[in-house]
Structures are given as C-alpha cells and as structure tokens.
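**Q** The structure that follows is given in the form of structure tokens.
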Amino acid sequence: MTAPIETTGAAADAQPEAVLAGAEKGQIEGRSLGQIAWSRFKRDRVAVAGGVIVILLIALAILSRPIQAMFGLDPNAFHQNLIVPDTSLPKGGWGGMSLDHPLGVDPKFGRDIATRILEGSWVSLVVAFGATILSNVLGAVMGVVAGYYGGRVDSIISRLMDIFLAFPLLLFAIAISATLQGGAFGLNGLPLHLSVLIFVIGFFNWPYLGRIVRGQTLALREREFVDAARGMGAKGPYILFRELMPNLVGPIIVYSTLLIPTNILFEASLSFLGVGIQPPQASWGGMLREAVTYYQVDPQYMIVPGLAIFITVLAFNLLGDGLRDALDPRSR
C-alpha cells in the first residue's frame, strides 16, 4: 500500500488557483486573496477596458482646471462671432465643429462645448463620489450594527431602512434643492449646490448598502473567527470594526462602483430639471436642459453631453461587474 503524501508548509495553506499557478512554474507559491482576485480581474478584458476609461475620466476631472489654465480655456467665454445672429445657431455644420472647437460651440452664446464637458466632468464626479462615500459610511455602520447585535437593535434599524426606502427621493430632492437655492448654512453658489446634492443623494441612499451589509454580517457573525474574538474577551466595537468590517470590504467596493453611475445620473437629472447645478457653471445635465430648445436644429449640442454621461455610466458599470466577478466568483 502506498503511503499518503503529506503536504506541509505553504502548499497546505495555498488556494487551489495558487497551487496550479505554482505547478506550472515547477514550484508551489502561495498567493493572497487580493492577488487571486486581481488575476481573475485581469482576465476580464471588458472590465479592464471599463477600468481604464474610469481612470482616464477621473484624471481628466482632477486635471480639468489645470488643463484650462494651461491652454487658456474658459468654459463661460462667449464667441458671438461664431453664432448666426438671426437664428442663434453656430456657424458651419455639426454645431460649429472646427480645429479650435473640436466638439463645436453651443447655440446663442458660442461657448466651447469641449471645455464645458471638461468642466462638467469634475462636477459630476465630485457629487457622485461624495454621495457614494456618505452612503457607504452610513450604510456600512448601520448594516453591521444591525446584523451583529440583532434583536431590538436590528428591528429598529430595519424599520428605519424601510422608512428611508419609502421616501419619494426625486421629489424630496427637488423640494430641498429648490428651497436652498438662495443660500444656507453660510454657503451659497456652487459650494452650496454641491453640498446639497451630496447630502440629499447620499443621505437617502444608504439603506441599499445597509441591507447588503446586514445580510453579510448575519452570516459572518457565526463564523469561527468571531467566536474566537469573543472568547478572547473582545468587545462589540472591536469585533464590528476589526473583525467584521474588513471582511465586508469586497461587497462595499462592488456596490460603490455600481452606485457611482447611479449618482451621476441622479445629479444630471436634478440639473436637467433646474434644481441641481445652476448656470453659468457647466454641468452635463444642465447642458442637456439647454439643448432641449435646439435639438431639432442643432442635435450636436445634445449628443455630446449625452455621450459623456453614457460613456461614464457604462464604464463604471463594466468595472463594477468585473470587480463583482473577481471578488466573488460564485456570482458568475
């Protein structure tokens, strides 16, 4: 009878994918869960393409003001010489596209559309990321507390989630944004509009993540590492933030990448309705609102901001799907 082969050391603890990778090289190497997830993500070319586009969009948003200063661009500069006086439409075809204005100019004012798209990019991403961070903080804390403690605490937080989910968010956002247009909390103008949008979108969206985190916590709280922490005398806050929360990073990251495009669309919708970012500040939703008057005679002005929103939302969704499959292969 052949004696069983004993596996010791790193090979015993290695994940199956790590063992196979080591076998191909003639040696067995252990890999962390992060390295395994990264190797899965790299194999998804669609998700990688989405990630590249997202990185480029974020870089453009961060560098939008330096780029404008470097090339002397002004999103609010009028070019009346490029507008036909009788019709208020851009001169030339395709919305006045030229070497100086590669995406054309807007009707009536002759402002450069490319510069306004660049200026509007950081507005959309600031609102989307700010609201997502606020939603994640509230949702993660409330969800992990509800899932870990259970009982009356869980019941109270769950009913609170139900109340927030029952709010007509769009109508409520319109009402709050319209009420605070003049000034509030010592803020006015663009800082006020950004703060209001981030608060309204982020504060009322946290229950979605809260429910996800609560469900994950209900499963994790019965695991051995939680029992071991309790046996060593760890208190509730330590277990929540040092034992449970690190194991919830994956779902939170995936949900964030899917929530950001939703928030971009929400901000664009509010700006389109006239209660979001106010002119003359450029925003993608505001540009669409202005284009409604001219879309039949100058469709270029509607197509460009619409494509900007479409490409951004699609890139984030592709990245989110790829991260979900990489972090949790069972979701395939």
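**Q** Assuming R0 = 30 Å, can you tell me the calculated FRET efficiency for the pair Val52 and Ile133, based on Cβ-Cβ distance, to the nearest 0.05?
**A** 0.85
**Q** Net charge around Gly250, counting only other residues with Cβ within less than 11 Å of its Cβ (Lys, Arg = +1; Asp, Glu = -1)? List each step's numbers first, then the result.
**A** Values: positive: Arg324; negative: Asp328.
Here the charged neighbours net out to 0.
**Q** Taking only Cα atoms and a 10 Å spring cutoff, compute GNM fluctuations for the chain and point out the largest among Tyr255, Tyr238, Tyr148.
**A** Looking only at Tyr255, Tyr238, Tyr148, the biggest GNM fluctuation is shown by Tyr238.
**Q** Another question, if that's okay. Which order do the peptides 191-204, 51-64 come out in when sorted by mean C-beta neighbours inside 10 angstrom, highest first?
**A** 191-204, 51-64
**Q** Which whole-number percentage describes the relative contact order of the range 22-149, with Cα contacts under 8 Å and a sequence gap of 6 or more?
**A** Dividing the mean separation by the residue count of the range 22-149 yields 19 percent.
**Q** Given the options Gly50, Gly274, Gly186, which has the most mean-square fluctuation in a GNM of the chain, springs set between C-alpha atoms less than 10 angstrom apart?
**A** Gly186
**Q** Right, next: Just how far, in whole angstrom, is the range 224-303 from the range 67-120 if you go by their alpha carbon centroids?
**A** Spelled out, the Cα-based centre of one part sits 30 Å from the other.
**Q** Indicate the helices, whole DSSP H runs only, in the chain that combine a mean Kyte-Doolittle hydropathy of 1.0 or more with a Cα extent along their long axis of 24 angstrom or more.
**A** Qualifying helices, which must be both long enough and hydrophobic enough, are 45-62, 113-149, 249-272, 300-327.
**Q** Which longest run of the chain has no exposed loop site in it, a site being GluC sites (Glu not before Pro) in a DSSP loop with at most 11 other beta carbons within 10 Å, and the site itself not part of the run?
**A** In short, 7-221.
**Q** Compare Arg65, Arg211, Arg159 in a GNM of the chain, Cα atoms joined below 10 Å, and give the one with the largest fluctuation.
**A** Judging by the Gaussian network model, the answer is Arg159.
Rule-based calculations on the coordinates, nothing more; no lab input. Here the structure is a predicted model, which is why all the values come from computation and not from measurement. Neighbour counts are summed over all protein chains in view; Cβ atoms, including those assigned to glycine, are modelled from backbone coordinates with ideal geometry.
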